[in-house]
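Novice: Got a structure here, written out as structure tokens. Questions coming.
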Amino acid sequence: MSSNFLPENMKRVLLKLSGEVLAGSKGFGYDDDIVDKLTDELIELKQLGYYISIVLGGGNIFRGGNWRKQELNRVVMDSIGMLATVQNALYVAEVLCSKGCPSLVLSSLAIDKVVDRYTPQAAIDAMNAGTICFLSGGTGNPFFTTDTAAVLRAVELKADIVLKATKVDGLYTADPVKVKDAKFISSASFQECLELRLGVMDLTAFSLAADNNMPIKIFNIGKPGMLKDALQKPDAGTYIHP
């Protein structure tokens, strides 16, 4: 696999979005202006011929592993967090449907009255039919982040890339908020990320991506048009590659 970002090879895309992105400055629930702009950008991508799947976090509703009452059962708390991802997927998918864009929510959790059960083939069939596919419920297991779920689904669906949406432009040599002279990193191999201790994702997600040669593009979802730019412009965001 090339270490250079080749836009022409990026057709089947998995987008990882945190729940916090949906909440915007409110910090909880949904910022309808942000969801409106996000769905418009997703529709634009679909119209350009991309096959799109999406893994959403649930932090705008509930964060399982970081819940402050640490004496409570972690398995239960993580289950609540996974259910929050289903809620987010249902909401964003419904907004897309209201705009005439076919979307489907699949879940790793067995809640068949609400959403269909996830299988790789069901997701692939939906994407091939031009449907934006939401893969909710995390991995379906506690103790795993939605970053890990995103990489796992990308590997299962043979995606060309994982797009990790963040609040910053990509990776830096240090936290750009705290270190003014931190340098932007436009491209790095998995090995370089380990050597430089760059926090791309949690270690489980990162290891799974490295083991399966799944490239990752980190970009700033807060900038208008960056979702498309992350796929079409090599210098937009940070490209992590084998």
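Novice: Name the residue that is nearest to the chain's Cα centre (by Cα), counting only residues in the stretch 185-207 that are in a helix (DSSP H, G or I) and closer than 20 Å to Val13 by Cβ. Before you say what the answer is, go through the steps one by one.
Specialist: Of all residues in the stretch 185-207, those in a helix (DSSP H, G or I) come to 190-196, 203-207.
So of that shortlist, the ones also closer than 20 Å to Val13 by Cβ come out as 190, 205-206.
Details: Phe190: 18, Ala205: 12, Phe206: 13 Å.
Checked the stretch 185-207; the qualifying residue nearest to the chain's Cα centre (by Cα) is Ala205.
Novice: Shifting gears a bit: So which of Ala210, Ala230, Ala182 is over 20 Å from Gly58 (Cβ atoms) and assigned to a loop (DSSP other than H, G, I, E, B)?
Specialist: Details: Ala210 fails: assigned to a loop (DSSP other than H, G, I, E, B); Ala230 fails: assigned to a loop (DSSP other than H, G, I, E, B).
Going through Ala210, Ala230, Ala182 in turn, just one is over 20 Å from Gly58 (Cβ atoms) and assigned to a loop (DSSP other than H, G, I, E, B): Ala182.
Novice: Same structure, new question: If you scan the stretch 213-227, which residues turn out to be part of a strand (DSSP E or B) and within 28 Å of Phe143 (Cβ to Cβ)? Write out each step before concluding.
Specialist: First, the residues of the stretch 213-227 that are part of a strand (DSSP E or B): 216-220.
Once the filter is applied, which keeps residues that are part of a strand (DSSP E or B) and within 28 Å of Phe143 (Cβ to Cβ), the stretch 213-227 yields Ile216, Lys217, Ile218, Phe219.
Novice: Would you confirm, using the coordinates I've provided, whether Ser108 is under 20 Å from Glu20 (Cβ atoms) and of a type in the set (Gly, Ala, Ser)?
Specialist: On the way: under 20 Å from Glu20 (Cβ atoms): no; of a type in the set (Gly, Ala, Ser): yes.
So Ser108 does not fit the description; no.
Novice: I've got another one for you. For the stretch 100-122, which residues satisfy the criterion of being of a type outside the set (Gly, Ala, Ser), loosely packed, with under 13 Cβ neighbours inside 10 Å and more than 23 Å from Ser79 (Cβ to Cβ)?
Specialist: Our first condition is that a residue be of a type outside the set (Gly, Ala, Ser); within the stretch 100-122, this holds for 101-102, 104-106, 109, 111-121.
From what's left, loosely packed, with under 13 Cβ neighbours inside 10 Å: 112-113, 119, 121.
Across the stretch 100-122, the qualifying residue is only Gln121.
Novice: Okay, moving on. Looking only at residues that are polar (S, T, N, Q) and in a loop (DSSP other than H, G, I, E, B) in the stretch 124-153, which one is farthest from Thr85 (Cα to Cα)?
Specialist: In this case the residue turns out to be Thr131.
Novice: Considering Asp229, Asp160, which residue is among the acidic types (Asp, Glu) and free of Cβ contacts under 8 Å to residues at least 60 places away in the same chain? Before you say what the answer is, go through the steps one by one.
Specialist: Numbers: Asp160 fails: free of Cβ contacts under 8 Å to residues at least 60 places away in the same chain.
Criteria check complete, one pass: Asp229.
Novice: Pairs needed: first member in the stretch 22-34, modelled with pLDDT under 95; second member anywhere, of a type outside the set (A, V, I, L, M, F, W, C) and part of a helix (DSSP H, G or I); C-beta distance under 8 Å; at least 6 residues apart or different chains.
Specialist: Here the result reads Gly24/Asp33; Gly27/Glu20, each pair linking the stretch 22-34 to a residue that is of a type outside the set (A, V, I, L, M, F, W, C) and part of a helix (DSSP H, G or I).
Novice: Give all pairs with beta carbons closer than 8 Å in which a residue from the stretch 103-132 that is farther than 20 Å from Tyr51 by Cα meets a residue that is assigned to a strand (DSSP E or B) and among the basic types (Lys, Arg); count only pairs at least 6 apart in sequence or on separate chains.
Specialist: Cβ pairs passing all conditions: Ser108/Arg117; Ala110/Arg117.
Novice: Taking the condition modelled with pLDDT under 95 and of a type in the set (Gly, Ala, Ser), does Gly65 pass?
Specialist: Values: modelled with pLDDT under 95: yes; of a type in the set (Gly, Ala, Ser): yes.
So Gly65 passes the test.
Novice: Has the stretch 80-87 got any residue that is without any contact (Cβ under 8 Å) to a residue 60 or more places away in the chain, within 26 Å of Gly237 (Cβ to Cβ) and in a helix (DSSP H, G or I)?
Specialist: Within the stretch 80-87, not a single residue is without any contact (Cβ under 8 Å) to a residue 60 or more places away in the chain, within 26 Å of Gly237 (Cβ to Cβ) and in a helix (DSSP H, G or I).
Novice: For Gly137, are the conditions met, namely being touching a helix residue (DSSP H, G or I) at 6+ places or on another chain (Cβ under 6 Å) and within 25 Å of Ile221 (Cβ to Cβ)? Working first, answer last.
Specialist: Details: touching a helix residue (DSSP H, G or I) at 6+ places or on another chain (Cβ under 6 Å): yes; within 25 Å of Ile221 (Cβ to Cβ): yes.
Yes, satisfied.
Novice: Something else: If you scan the stretch 25-58, which residues turn out to be closer than 19 Å to Thr146 by Cβ and either of a type in the set (Val, Ile, Thr) or buried (at least 17 other Cβ atoms within 10 Å of the Cβ) (or both)?
Specialist: Tyr30, Ile34, Val35, Leu38, Leu42, Ile52, Ser53, Ile54, Val55, Leu56, Gly57, Gly58
Novice: If I go through the stretch 163-205 residue by residue, how many of them are free of Cβ contacts under 8 Å to residues at least 40 places away in the same chain and among the hydrophobic types (A, V, I, L, M, F, W, C)? If you could, list the steps in order and put the result at the bottom.
Specialist: Here is the first cut: in the stretch 163-205, the ones free of Cβ contacts under 8 Å to residues at least 40 places away in the same chain are 172-183, 191-192, 194-199, 203.
The next check asks that each one be among the hydrophobic types (A, V, I, L, M, F, W, C); those that pass are 174, 177, 179, 182, 194, 196, 198, 203.
Going through the stretch 163-205 one residue at a time, the tally reaches 8.
Novice: Oh, and also: Would you call Ala154 surrounded by 20 or more Cβ atoms within 10 Å (Cβ to Cβ) and either of a type in the set (Asp, Glu) or over 17 Å from Asp202 (Cβ atoms) (or both)?
Specialist: Numbers: surrounded by 20 or more Cβ atoms within 10 Å (Cβ to Cβ): yes; either of a type in the set (Asp, Glu) or over 17 Å from Asp202 (Cβ atoms) (or both): no.
Judged against the criteria, Ala154 is not a match.
Novice: Acidic (Asp, Glu), out of contact with any Lys or Arg (no Cβ under 8 Å at 6 or more places or on another chain) and modelled with pLDDT of 95 or more: is that true of Asp211 in this structure?
Specialist: On the way: acidic (Asp, Glu): yes; out of contact with any Lys or Arg (no Cβ under 8 Å at 6 or more places or on another chain): yes; modelled with pLDDT of 95 or more: yes.
The answer is yes for Asp211.
The values are calculated or read from the model by the stated rules, or taken from the named source; none is laboratory data. Remember, predicted model here, so these are calculated numbers, not experimental data. So basically every Cβ, Gly included, is an ideal-geometry build from the backbone, and we count neighbours across all protein chains shown.
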